[in-house]
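Inspection log for the structure reproduced underneath, given as structure tokens.
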Amino acid sequence: MYRVWNFLTNYSLLLIFGALIALVWANTDAHSYHLMVEWPLWFNDLIGYDLHHWEVAMGEDAELFGHAETAKVLTVHYLVNDILMAFFFAIAGKEVWEAVILENGSLRGKKAATPLFATLGGMIGPIAVYLGLAAILGSTTFDAVANGWAIPTATDIAFSYLVGRIVFGAGHPAVRFLLLLAIADDAAGLIILAVFYPEGELAPIWLLLSLFSALGVFYLFNRLPRRLDRGDQLRPRSTWVRQKLSWWPYLIAGALSWFGFAQAGLHPALGLLPIVPTLPHADRAFGIFAEAEQYLTDLLNHTEHLLKHPVEIVLFLFGLMNAGVEFSSISAPTWLVLAGLIIGKPFGVLLFGYIGAHTLKFGLPQGMRTVDLFVIGCVAAIGFTVSLFVASVAFDPGPVQDAAKMGALLSFAAAAISIVAGKLTKVQKQHG
């Protein structure tokens, strides 16, 4: 397997650093942290949180900012979560797109069948545990937390990959299986965010702006130049577009698509996804986050490489904006999220992975045992990034959201559980 991007390591470190600063800040001076997160950058009628939503979140501090009456307010939190995080989801979307569409894509064919079944179990298991335990706690608790059912379905790609290498060794087939599961999990998570967690009142007509932006930029700056160059080996028009215009047309189309998502009521952090498939790309995939792809000259991989360092900074800011939770907020939603991840993930992955591998006879990669599925499920229980993101959209700011976020943060305990599970199941590390 081609080496996985160093991006994952850098992303992990910066995200943790931002989250640790947020935790310390929120537990030493919660008021100033809250003020920083909700700080208004622009009162306007186009983008941002609903003004009333912001006033409720700010409480009495809202009176500190004199402003004309507007429909929306662009805050620091909105800038990071709804605008800048769109670039992170674009990178994740690029990996999913390549894995599904391109030759040798990791999620194509029979080789992906068992990981996809395991991914399904890794989502159904956490949902069943989360909602089942919530129902046991009573209707009051269930009603308060039910909308957070998707929080424990997430798997953090970077942290899971790093822990997977510790448990299995870099050369073990279970590490590749884990990456396939994690990227499929992220793809499902993007769909869940779009379908089940709209950010406002739905206005689907605005999605036409995203659609026409994607179709327009694809035809004018991708398909048309190639069509005009047909039969000319020098490909002058395509070369001119690539060298002179580069990614600028796609950035403009992305801005329009983002605005279409925001106005349609869908989460705007997903707004760049329709543009990703329109960029000229290589004709085969090297693997999920393969380091070799940074040397490719196609515009899609070139753009991803350019985004590498900016997205690392974005993820630092994401940790800073979302992980600032007071330890006193730990309550029932914390344990429900944690139980969904630490109990539901391993058993869901094991059960559905077994069905895919043995009942449906799709098989497992050579050198991988059935019991390794359980260990993979333990590693995949690290929800962190996407779990934090879902918690921030599933609940309004307040005690329930804070408690759910704490569950996402505490899912790091899955790393220690994974190491113990690997020892108990006698995992043989394979270095390579």
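Would you confirm whether any residue within the range 348-366 is basic (Lys, Arg), surrounded by fewer than 24 Cβ atoms within 10 Å (Cβ to Cβ) and in contact (Cβ under 8 Å) with a residue 12 or more places away in the chain? Checking the range 348-366: not a single residue is basic (Lys, Arg), surrounded by fewer than 24 Cβ atoms within 10 Å (Cβ to Cβ) and in contact (Cβ under 8 Å) with a residue 12 or more places away in the chain. Condition check for VAL24 on (1) at pLDDT below 85; (2) loosely packed, with under 14 Cβ neighbours inside 10 Å; (3) assigned to a helix (DSSP H, G or I): one failure, at (1).
In the range 301-321, the residues that are in the same structural domain as LYS405 (by TED's automatic domain parsing) and within 19 Å of ALA19 (Cβ to Cβ) never reach a residue that is part of a helix (DSSP H, G or I) and of a type in the set (Lys, Arg) with C-beta atoms less than 8 angstrom apart, at least six apart or across chains.
Checked against the criterion of being out of contact with any strand residue (DSSP E or B) (no Cβ under 8 Å at 6 or more places or on another chain), of a type in the set (A, V, I, L, M, F, W, C) and surrounded by fewer than 19 Cβ atoms within 10 Å (Cβ to Cβ), the candidates LEU220, LEU272, LEU266, LEU180 yield just one match: LEU220. Just a yes or no: is a residue in the range 352-369 within 23 Å of the chain's Cα centre (by Cα) and of a type outside the set (Val, Ile, Thr)? Yes: the range 352-369 contains one or more residues that are within 23 Å of the chain's Cα centre (by Cα) and of a type outside the set (Val, Ile, Thr). Applying a threshold of 8 Å to beta carbon distances and a minimum spacing of six or more residues, or different chains, the list of pairs starting in the range 30-50 at a residue that is more than 19 Å from PHE261 (Cβ to Cβ) and ending at one that is in a helix (DSSP H, G or I) and among the hydroxyl-bearing types (Ser, Thr, Tyr) is empty.
Per-residue answers, yes or no, for (1) closer than 30 Å to LYS423 by Cα; (2) free of Cβ contacts under 8 Å to residues at least 40 places away in the same chain; (3) among the basic types (Lys, Arg):
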site: PHE159; (1), (2), (3): yes, no, no
site: LEU162; (1), (2), (3): yes, no, no
site: HIS172; (1), (2), (3): yes, no, no
site: PHE196; (1), (2), (3): no, no, no
site: GLU199; (1), (2), (3): no, no, no
site: ARG242; (1), (2), (3): no, no, yes
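The criterion of being under 25 Å from the mean Cα position of the chain (by Cα), surrounded by 19 or more Cβ atoms within 10 Å (Cβ to Cβ) and under 18 Å from ALA403 (Cα atoms) holds for GLY319. Of all residues in the range 230-250, those satisfying the criterion of being assigned to a helix (DSSP H, G or I) and surrounded by 13 or more Cβ atoms within 10 Å (Cβ to Cβ) are ARG237, SER238, VAL241, ARG242, LEU245, PRO249, TYR250. If you go through the range 91-148 and keep only what is surrounded by 15 or more Cβ atoms within 10 Å (Cβ to Cβ), hydroxyl-bearing (Ser, Thr, Tyr) and either at pLDDT 95 or above or part of a helix (DSSP H, G or I) (or both), you end up with THR114, THR119, TYR130, THR141. Criterion applied to SER418, SER392 was being polar (S, T, N, Q) and more than 20 Å from ALA146 (Cα to Cα), and the one residue passing it is SER418. Looking only at the range 321-333, decide whether some residue is out of contact with any strand residue (DSSP E or B) (no Cβ under 6 Å at 6 or more places or on another chain), modelled with pLDDT of 95 or more and aliphatic (A, V, I, L, M). There is no residue in the range 321-333 that is out of contact with any strand residue (DSSP E or B) (no Cβ under 6 Å at 6 or more places or on another chain), modelled with pLDDT of 95 or more and aliphatic (A, V, I, L, M). Evaluate the following for LEU388: is it of a type in the set (A, V, I, L, M), at pLDDT below 90, farther than 19 Å from ILE124 by Cβ and not in a helix (DSSP H, G or I)? Judged against the criteria, LEU388 is not a match.
The values are calculated or read from the model by the stated rules, or taken from the named source; none is laboratory data. These numbers come from a predicted model, not from an experiment. With ideal geometry, Cβ positions are generated from the backbone for all residues, glycine too; neighbour counts draw on all protein chains shown.
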